[in-house]
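J.: Quick one: this structure, given as structure tokens, is what I'll be asking you about.
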Amino acid sequence: MEESEERLLVSEELTLSEDVGLCTEDGSVDNNGNSILKHYSGNWKACSFILWTECCERFAYYGISRSLVTYLKTRLHQGNATAAWNFTTWQGTCYLTPLVGAVLADSYWGRYRTIAIFSVVYIIGMAILTTSSSLYSLQPSPQLNSDSVSPQPKLYEYLFFTSLYMIAIGAGGIKPCVSAFGADQFDETDPMERSSKGSFFNWFYFCINLGSLASTTGLVYLQQYYGWGLGYGVATLFMGLAMGSFFTGSKFYRFQKPGGSPITRVCQVVVASVRKWRVQLPVDDCCLYELPGKSSAIKGSRKLAHTDQLRFLDKAAVITRTDSKLGNFSKPWRLCTVTQVEELKLLVRMFPIWSTGIIFFMVCAQDSSSFIEQGMVLKQQIGSYFTIPPASLSTFEILTFIAIVPIYDKIIVPVARRFTGKARGFTELERMGTGLIFSILAMVSAALVETKRLQIAREMDLIHEKVEVPMSILWLVPQYIFLGLAQVLTSIGQIEFFYDQSPDAMRSVCTAFALVTVSLGSYLSSFVLTLVSYFTTRGGKQGWIPDNLNEGRLDLFFWLISALSLLNFGVFLLCASRYRYKRAS
């Protein structure tokens, strides 16, 4: 009897040891906080739910943003200036609220709970939007000869803007978390899963553009020809499908524990290092303070190896005589671990790379602004019956993205892997740098086309005529294709870079900062345009971008952005060559 019990005990121990070997080793757990088996959870099984969630959510989002200006003008009867201001303010909010959602996710709630809570806010906003657009009896009356909203907005308008900013808040919790949560499903310590993680980011952006394409072509048509209520109702339905898909996959997900406030940890390192600014650093880095064993002082984070850069911050981890006398090392405002110090070092090292993304997204902002203005003065008629609206040219950019992602993931990466020996074919920085080259080519292409257009205008004596130049709008297609290639390489590479290189407990925050570059790029584009208008219109001159582009020099504006992009590329190369990748301890 005793022998059988002993055998049973040994058998259970062996089974437990085998399970431990099959558990994830990147700190991920199940929903109850327990270790989780690899074969049952995560990987593409879990990511399929997340990818479908993102595709449906982007379909709903672009169903609002693509036609928002049209809605404001036709249903709220706003003028051009007011409609444009309301659109840019809302869009800017959508790309700034992710900072709030990211801090909540990394500090307290975790990515899963943050997505769940903000999704509820999102769909309530969508439901209110659908309801308000269906209440025809509450439509405001047109404000003739007015470029502003009525001084006493109707209930219809209150409902509309309330719903709009509820959606912006909801997007703020989803945007920075869903890509990071999808990447969490792959164990970084497993070579096979680490390789698959690079593919995930490719297919994640593929789904974004798939949702955008379906929304731009199908939902916008539905809204304009069958009613806004029906159009927004379909968008709300897809947001419901997004939530359904996300919650259905819950039992397969891997979860990362929130590590507490990243802002507090950063401040602790700064304060501790400043307090010890006179302290000498030890010759041996092993004398710096760190917890024994494998566990980090930061919940849900692995230990980080010490680096020699930014040595001043290491003073926060020096154990002084005062620290030894107190005998209590759990006061992070006086003494920080090496891992906590390295967290801040990572953020500082990533900042120059992050800043180069602002000018890249300034280039991307041209596809919905100056490129459209350029297309409006070109011949839009193709053949006898077919017309291409300038705004629809962005379809070529989206199609390029959708076509290239599978080619890049299934053909280019495996071939590159044979030559470079790298799991993903190229490093994230190499991928981003190549994308920056294509963004420069996009602006050069736009400048060359505009130079040719102005030459035709001069030859045909159309300079002072506010008319289309007999040059096909299809000449703009190459610049949209170049921009699509740039997005495939740099946009995806950027998100992948910030996820991989960020501290384990700050991944949502770093992803949010990557999204902020989109907003800052748009703002920078407006700022550069303002400066160009100011300096080129002095002395009563027409300027580079007048109302009649035949009298202007839009080509010089494109050359200016090309030069800024080239300078930005040089700065990127310098920063990338000096960057040191994160190393786990």
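The values are calculated or read from the model by the stated rules, or taken from the named source; none is laboratory data. These figures come from a predicted structure and were not determined experimentally. Note that we place each Cβ from the backbone using ideal geometry, even for glycine, and neighbour counts take in every protein chain shown. Accessible surface areas use protein heavy atoms only, side chains included; no ligands, DNA or RNA. Shrake-Rupley method; radii C 1.70, N 1.55, O 1.52, S 1.80 Å.
J.: Restricting to the stretch 273-291, and then to whatever is more than 30 Å from Gly110 (Cβ to Cβ) and of a type in the set (Asp, Glu), can you tell me which residue is most open to solvent (accessible area, probe 1.4 Å)?
T.: Asp284
J.: How about the stretch 552-582: which of its residues are open to solvent by 50 Å² or more (accessible area, probe 1.4 Å) and closer than 23 Å to Ser445 by Cβ? Show your work before the answer.
T.: Filtering the stretch 552-582 down to residues open to solvent by 50 Å² or more (accessible area, probe 1.4 Å) leaves 553, 556, 559-560, 563-564, 566-567, 571, 573-574, 577-578, 580-581.
Within the stretch 552-582, Arg553, Leu556, Trp559, Leu560, Ala563, Leu564, Leu566, Leu567, Val571, Leu573 qualify.
J.: Being β-branched (Val, Ile, Thr) and closer than 22 Å to Phe438 by Cα is the requirement here; does Thr530 meet it? Show your work before the answer.
T.: On the way: β-branched (Val, Ile, Thr): yes; closer than 22 Å to Phe438 by Cα: no.
No: the conditions fail for Thr530.
J.: Let me ask something else about it. Considering the stretch 177-195 alone, what residues qualify as being out of contact with any helix residue (DSSP H, G or I) (no Cβ under 7 Å at 6 or more places or on another chain), of a type in the set (Ser, Thr, Tyr) and either crowded, with 19+ Cβ neighbours inside 10 Å or not in a helix (DSSP H, G or I) (or both)?
T.: The one that is out of contact with any helix residue (DSSP H, G or I) (no Cβ under 7 Å at 6 or more places or on another chain), of a type in the set (Ser, Thr, Tyr) and either crowded, with 19+ Cβ neighbours inside 10 Å or not in a helix (DSSP H, G or I) (or both): Thr189.
J.: Please work out if Leu219 is in a helix (DSSP H, G or I), open to solvent by 70 Å² or more (accessible area, probe 1.4 Å), in contact (Cβ under 8 Å) with a residue 60 or more places away in the chain and at negative phi. Don't jump to the end; show me each part of the working.
T.: On the way: in a helix (DSSP H, G or I): yes; open to solvent by 70 Å² or more (accessible area, probe 1.4 Å): no; in contact (Cβ under 8 Å) with a residue 60 or more places away in the chain: yes; at negative phi: yes.
Considered against the rule, which asks whether it is in a helix (DSSP H, G or I), open to solvent by 70 Å² or more (accessible area, probe 1.4 Å), in contact (Cβ under 8 Å) with a residue 60 or more places away in the chain and at negative phi, Leu219 comes out as no.
Listed here are the residues, each with its yes/no results for (1) open to solvent by less than 40 Å² (accessible area, probe 1.4 Å); (2) among the basic types (Lys, Arg); (3) part of a helix (DSSP H, G or I); (4) free of Cβ contacts under 8 Å to residues at least 24 places away in the same chain.
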| position | (1), (2), (3), (4) |
| --- | --- |
| Val363 | yes, no, yes, no |
| Leu393 | yes, no, yes, no |
| Leu399 | no, no, yes, no |
| Ile402 | yes, no, yes, no |
| Ile411 | no, no, yes, yes |
| Ala423 | no, no, no, no |
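J.: Could you give me the residue pairs with C-beta distances under 6 Å whose first residue belongs to the stretch 31-55 and is small (Gly, Ala, Ser), whose second residue is at pLDDT 80 or above wherever it lies, and which are 6+ apart or on separate chains?
T.: Ser41/Phe252; Ser41/Arg254; Gly42/Gln185; Gly42/Arg254; Ala46/Gln185; Ala46/Gly249; Ala46/Phe252; Ala46/Tyr253
J.: Find all pairs meeting these conditions: Cβ atoms under 7 angstrom apart; at least six residues apart or on different chains; first residue within the stretch 509-522 and more than 15 Å from Val266 (Cβ to Cβ); second residue among the charged types (D, E, K, R) and open to solvent by 10 Å² or more (accessible area, probe 1.4 Å).
T.: Partner pairs satisfying both residue conditions: Leu515/Lys175.
J.: Just need a number here: residues in the stretch 124-146 that are at pLDDT 90 or above, of a type outside the set (Gly, Ala, Ser) and either open to solvent by less than 40 Å² (accessible area, probe 1.4 Å) or over 25 Å from the mean Cα position of the chain (by Cα) (or both). Even if it seems obvious, please write down each step before you answer.
T.: The initial filter retains those residues of the stretch 124-146 that are at pLDDT 90 or above, namely 124-130.
Retained after the next criterion (residues that are of a type outside the set (Gly, Ala, Ser)): 124, 126, 128-130.
Next, only the ones that are either open to solvent by less than 40 Å² (accessible area, probe 1.4 Å) or over 25 Å from the mean Cα position of the chain (by Cα) (or both) stay: 126, 128-130.
So the count comes out to 4.
J.: Let me ask you something else. Pairs only if they're at least six apart or on different chains, beta carbon under 8 angstrom, first in the stretch 524-548 and modelled with pLDDT of 85 or more, second open to solvent by 60 Å² or more (accessible area, probe 1.4 Å) and aromatic (Phe, Trp, Tyr); list them, first residue then second.
T.: Every condition considered, the pairs that remain are Val532/Trp544; Ser533/Trp544; Thr536/Trp544.
J.: In this structure, is Val270 farther than 30 Å from Ile128 by Cβ, open to solvent by 40 Å² or more (accessible area, probe 1.4 Å) and at pLDDT 90 or above?
T.: On the way: farther than 30 Å from Ile128 by Cβ: yes; open to solvent by 40 Å² or more (accessible area, probe 1.4 Å): yes; at pLDDT 90 or above: yes.
Judged against the criteria, Val270 is a match.
J.: Could you grab me the full set of residues in the stretch 222-264 that are in contact (Cβ under 8 Å) with a residue 12 or more places away in the chain, among the polar types (S, T, N, Q) and closer than 30 Å to Ser35 by Cα?
T.: Ser245, Thr248, Ser250, Gln256, Ser261
J.: Just checking, how many residues over the stretch 356-415 are among the basic types (Lys, Arg) and touching a helix residue (DSSP H, G or I) at 6+ places or on another chain (Cβ under 8 Å)? Spell out how you get there, then give the answer.
T.: The first filter runs over the stretch 356-415 and keeps only residues among the basic types (Lys, Arg), leaving 379, 410.
Narrowing further to those that are touching a helix residue (DSSP H, G or I) at 6+ places or on another chain (Cβ under 8 Å): 379.
Qualifying residue count, the stretch 356-415: 1.
J.: If I ask for residues that are farther than 17 Å from Val449 by Cα and open to solvent by less than 20 Å² (accessible area, probe 1.4 Å), which ones from the stretch 467-488 would you list?
T.: Gly484, Ala486, Val488
J.: A follow-up question, please. Which residue, of Lys345, Lys294, Lys331, is surrounded by 19 or more Cβ atoms within 10 Å (Cβ to Cβ) and either of a type outside the set (A, V, I, L, M, F, W, C) or touching a residue at least 12 places away in the same chain (Cβ under 8 Å) (or both)? Let's see the steps before the verdict.
T.: On the way: Lys294 fails: surrounded by 19 or more Cβ atoms within 10 Å (Cβ to Cβ); Lys331 fails: surrounded by 19 or more Cβ atoms within 10 Å (Cβ to Cβ).
Answer to the selection: Lys345.
J.: Turning to a different aspect of this structure: Can you tell me how many residues within the stretch 213-236 are β-branched (Val, Ile, Thr) and either modelled with pLDDT of 85 or more or in contact with a helix residue (DSSP H, G or I) (Cβ under 6 Å, 6 or more places away or on another chain) (or both)?
T.: Step one: of the stretch 213-236, the residues β-branched (Val, Ile, Thr) are 216-217, 220, 234, 236.
From what is left, the residues that are either modelled with pLDDT of 85 or more or in contact with a helix residue (DSSP H, G or I) (Cβ under 6 Å, 6 or more places away or on another chain) (or both) are 234, 236.
Number satisfying all stated conditions: 2.
J.: Can I ask one more? Could you check the stretch 222-236 and list, in sequence order, the residues that are assigned to a helix (DSSP H, G or I), open to solvent by 10 Å² or more (accessible area, probe 1.4 Å), of a type outside the set (Phe, Trp, Tyr) and farther than 11 Å from Ala127 by Cα?
T.: Answer for the stretch 222-236, where residues must be assigned to a helix (DSSP H, G or I), open to solvent by 10 Å² or more (accessible area, probe 1.4 Å), of a type outside the set (Phe, Trp, Tyr) and farther than 11 Å from Ala127 by Cα: Leu222, Gln224, Leu230.
J.: Where the second residue is modelled with pLDDT of 85 or more and not hydrophobic (A, V, I, L, M, F, W, C) and the first is surrounded by 21 or more Cβ atoms within 10 Å (Cβ to Cβ) and lies in the stretch 57-72, which pairs have Cβ atoms under 6 Å and are six or more apart or on separate chains?
T.: Partner pairs satisfying both residue conditions: Arg58/Gly211; Arg58/Ser212; Phe59/Gly211; Phe59/Ser215; Tyr62/Ser212; Tyr62/Ser215; Gly63/Ser215.
J.: Specify which of the listed residues (Met350, Met376) is touching a residue at least 12 places away in the same chain (Cβ under 8 Å) and under 28 Å from Trp475 (Cβ atoms).
T.: On the way: Met350 fails: under 28 Å from Trp475 (Cβ atoms).
None of the other options fit; the residue is Met376.
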